[in-house]
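Participant: Below is the structure I would like to discuss, written out as structure tokens.
The values are calculated or read from the model by the stated rules, or taken from the named source; none is laboratory data. Note that this is a predicted model, so its numbers are computed, not measured. With ideal geometry, Cβ positions are generated from the backbone for all residues, glycine too; neighbour counts draw on all protein chains shown.
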Amino acid sequence: MAVLSFTEAGIWCEAGDFHIDPWRPVPRALITHGHADHARPGHGAYLATHAALPVLRHRLGDIRAEGIAYGEARQIGGATVSFHPAGHVPGSAQIRVEVGGEVWVVSGDYKTEPDGLCEPFEPVRCHAFISECTFGLPVFRWAPQAEVAGEIRAWWQANAAAGRVSLLGAYALGKAQRLMAAVGDGPGPILTHGAVEAVTEVLRGQGYALPATELVTPGTDKARLAGALVIAPPAALGSAWSRRLGTVSTGFASGWMRMRGVRRRRGADRGFVMSDHADWDGLNAAIAATGAERVFVTHGYTSVFRRWLESRGYDAQIVATEFEGESVETPAAESASVTEAET
């Protein structure tokens, strides 16, 4: 019996009778992090890290949920589980499952570069590793965060000098807070879209070190906006909400900015290559550090990355899931959150 198997509802552990990040309603779900493609409504019970729970409750409402500390071993039926930092967003985890001495790890989404905000990635030794490969091509190699943050500050400074609003698109959970923490003090205030501000308040209440931010409202003074950095979900760029800001320069922070043409498709003036997912080198380093002989790859350049792993001696397979990773397009859940915040 395999430690984990792949079903229509999601990744399932028969020995413990639980699913990991299931995309169909199940009785018991272990959740790696709070993004909508991994944490869905309708499950009977949820288990996530203590740091992930507040965002889960913010997003999903009144759920039956329990927290677990990083590294804490929990016996569930015939399986022993533990959660380990994934470095993706605050509270994110890889989930280790051991049955009969065999260890499998589900990565969830992860990045290997510490960002100064969320809990840094920790490799977990295992026999089999289920890994995302959102950016599983050699072209995807990230510059150090400090370098990208410097580019954003310079863009913000130039816009402020010209009296423009710097409107930066970033996902409301994780990327937005990482950016505001990384850019530090600038030529003006940091303002936020309602979807970003709501999550920021949850994380700030947990003790994550975040700079002061202000919610953009219909009554926000136009003089306050001029020279400000406004962080909003990508779906808000080009929307009726953004048109009320006045004269703006738009930027978009994503790993997809490495690809030609994507910035033009998103209608941004500037693209900044920053991702909360591992790049090519990060994926390879993380997999090697597990010591796993079997690797299952999911959501991303799975065919190319599997062939690469096979050439390196791994028993590599592709797993079909409903995870999205960092989508080039705007996820439906994000569009909904933007619409709700605008009303």
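Participant: Out of THR192, THR134, which single residue is within 29 Å of ALA320 (Cα to Cα), in contact (Cβ under 8 Å) with a residue 12 or more places away in the chain and within 19 Å of the chain's Cα centre (by Cα)? Spell out the reasoning first.
Facilitator: On the way: THR192 fails: within 29 Å of ALA320 (Cα to Cα).
Residue meeting the stated conditions: THR134.
Participant: When residues of segment 252-274 are filtered for being more than 17 Å from PRO138 (Cα to Cα) and either touching a Lys or Arg at 6+ places or on another chain (Cβ under 7 Å) or modelled with pLDDT of 85 or more (or both), how many remain?
Facilitator: Here is the first cut: in segment 252-274, the ones more than 17 Å from PRO138 (Cα to Cα) are 252-253, 261-272.
After this cut, where a residue has to be either touching a Lys or Arg at 6+ places or on another chain (Cβ under 7 Å) or modelled with pLDDT of 85 or more (or both) as well, the list is 252-253, 269-272.
The total comes to 6.
Participant: Quick one: ALA39 ticks every box in (1) assigned to a helix (DSSP H, G or I); (2) within 16 Å of ILE11 (Cβ to Cβ); (3) hydrophobic (A, V, I, L, M, F, W, C) bar one, so which box is it?
Facilitator: (1)
Participant: Then there's this: Please verify whether GLN75 is in contact with an Asp or Glu (Cβ under 9 Å, 6 or more places away or on another chain) and of a type in the set (S, T, N, Q), treating the condition exactly as stated.
Facilitator: On the way: in contact with an Asp or Glu (Cβ under 9 Å, 6 or more places away or on another chain): no; of a type in the set (S, T, N, Q): yes.
Taking the combined requirement at face value, the residue does not satisfy it.
Participant: Right, something else. From the list ALA154, ALA143, ALA172, which one is in a helix (DSSP H, G or I) and among the small types (Gly, Ala, Ser)? Even if it seems obvious, please write down each step before you answer.
Facilitator: Values: ALA143 fails: in a helix (DSSP H, G or I); ALA172 fails: in a helix (DSSP H, G or I).
From the options ALA154, ALA143, ALA172, the qualifying one is ALA154.
Participant: I'd like to verify a number: residues in segment 56-108 that are polar (S, T, N, Q) and under 21 Å from the mean Cα position of the chain (by Cα), how many? Steps first, please.
Facilitator: The initial filter retains those residues of segment 56-108 that are polar (S, T, N, Q), namely 75, 80, 82, 92, 94, 107.
Retained after the next criterion (residues that are under 21 Å from the mean Cα position of the chain (by Cα)): 82, 92, 94, 107.
The qualifying residues number 4.
Participant: For the list (1) assigned by TED's automatic domain parsing to the domain that holds ALA128; (2) within 21 Å of ALA172 (Cβ to Cβ); (3) among the small types (Gly, Ala, Ser), I need the number of the one condition that SER303 fails.
Facilitator: Condition (2) is where SER303 drops out.
Participant: Now for a different question. Pairs please, first residue from segment 155-174 and outside the structural domain of LEU56 (by TED's automatic domain parsing), second anywhere and assigned to a helix (DSSP H, G or I) and among the acidic types (Asp, Glu), Cβ atoms under 8 Å, 6+ apart in sequence or on different chains.
Facilitator: Note: pairs meeting the criteria are TYR171/GLU334; ALA172/GLU334.
Participant: Report yes if some residue within segment 204-213 is modelled with pLDDT of 95 or more and not in a loop (DSSP other than H, G, I, E, B); otherwise report no.
Facilitator: yes
Participant: Then there is this: Which residue pairs have Cβ atoms closer than 6 Å, lie 6 or more positions apart in sequence or on different chains, and pair a first residue in segment 88-115 that is assigned by TED's automatic domain parsing to the domain that holds GLU322 with a second residue that is of a type in the set (Lys, Arg)?
Facilitator: HIS88/LYS111; VAL105/ARG96; ASP115/ARG178
Participant: Would you mind finding the one in HIS38, HIS50 that is of a type outside the set (A, V, I, L, M, F, W, C) and surrounded by 21 or more Cβ atoms within 10 Å (Cβ to Cβ)?
Facilitator: Working: HIS50 fails: surrounded by 21 or more Cβ atoms within 10 Å (Cβ to Cβ).
From the options HIS38, HIS50, the qualifying one is HIS38.
Participant: May I pose another question? When you go through ALA288, ALA235 one by one, which is the residue that is out of contact with any Cys (no Cβ under 6 Å at 6 or more places or on another chain), surrounded by fewer than 19 Cβ atoms within 10 Å (Cβ to Cβ), at negative phi and part of a helix (DSSP H, G or I)? Don't jump to the end; show me each part of the working.
Facilitator: On the way: ALA235 fails: surrounded by fewer than 19 Cβ atoms within 10 Å (Cβ to Cβ).
One residue alone meets the criteria, ALA288.
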